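Visitor: Handing you a structure now.
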Amino acid sequence: MTSQTTSHPKSTGRATAAQTVRDPRDPGFENVGASPPTLTQAIPSALREAAIATAAYYRAEQRGFAPGNALADWLAAEREVERL
C-alpha cells in the first residue's frame, strides 16, 4: 500500500489516521479487505438449515409426499439453497 503523510512544522514524524492519504493509483485502493461473504457464509447455520428444510418440504409436496425420497429431497434442497 502506498501512502503519503503530510508534514507540519511541529510534526513528530509519525502519521495519524487523519494525515494518511491513500494513492488512488495503488492497486489495493478499491479492493481493501477480504472478498464479500457468500450467502451461506453470511447467514447463521440455523437459518440455512431452516431454508433447506422448507425447500425439502416443498419438493416432497410436489411429488405427493411419497415415502423413500426424503434424503434426495434434502440433498436437492441443499444444492438449491447453495445456489442462492
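Here, each number is a calculation from the coordinates, and none is a lab measurement. Everything quoted here is computed from the prediction, not taken from an experiment.
Visitor: Using Stokes-Einstein with the Kirkwood hydrodynamic radius over Cα pairs, what translational diffusion coefficient do you get for region 37-84 at 4 °C and a viscosity of 1.567 mPa s, in µm²/s rounded to a whole number?
Guide: Rounded, D is 118 µm²/s.
Visitor: Here's another thing I want to ask about it. Roughly speaking, what is the stretch gain from L47 to L71, that is 0.36 nm per residue apart minus the C-alpha to C-alpha distance, in nm to one decimal?
Guide: Roughly 6.7 nm would be gained on extension.
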